[in-house]
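For reference, the structure is listed below as structure tokens.
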Amino acid sequence: MDSSSNVDAFIDKAKRYTEIQELTPEILRLFISRIEVGEKSTKYSRTAEQAIRIVYRDVGIMDNVQPAEENGEQEHIA
């Protein structure tokens, strides 16, 4: 499969779940391949930051995604 068909497969799955009321294990398995949690920046600290990387099924890692606007509005993707 090429990358464009992978993206199309991911979008097809996402269209089936437009209003997720509860995040269930089934939905997580459908969209996410794995979650990688990095080491804490300070050992034994309860508030130290940790890097988290989410690897999505079909599309892989999406590191360059811009966060949603702070006022709560999200861009409409056609």
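Tabulated data for the structure shown
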item: Residue among 60, 72 that is loosely packed, with under 10 Cβ neighbours inside 10 Å, small (Gly, Ala, Ser), under 28 Å from residue 15 (Cα atoms) and at pLDDT below 85; result: 72
item: Of all residues in the stretch 35-44 being surrounded by 10 or more Cβ atoms within 10 Å (Cβ to Cβ) and not small (Gly, Ala, Ser), the one that is nearest to residue 7 (Cα to Cα); result: 35
item: Answer from 28, 23 - the residue that is part of a helix (DSSP H, G or I) and within 13 Å of the chain's Cα centre (by Cα); result: 28
item: Filter result for residue 47 (modelled with pLDDT under 80, loosely packed, with under 10 Cβ neighbours inside 10 Å and more than 20 Å from residue 61 (Cβ to Cβ)); result: no
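The values are calculated or read from the model by the stated rules, or taken from the named source; none is laboratory data. Worth saying up front: this structure is predicted, and the values here are computed from it rather than measured. Methodologically, a virtual Cβ is constructed for each residue, glycine included, from the backbone with ideal geometry; neighbour enumeration extends over all protein chains shown.
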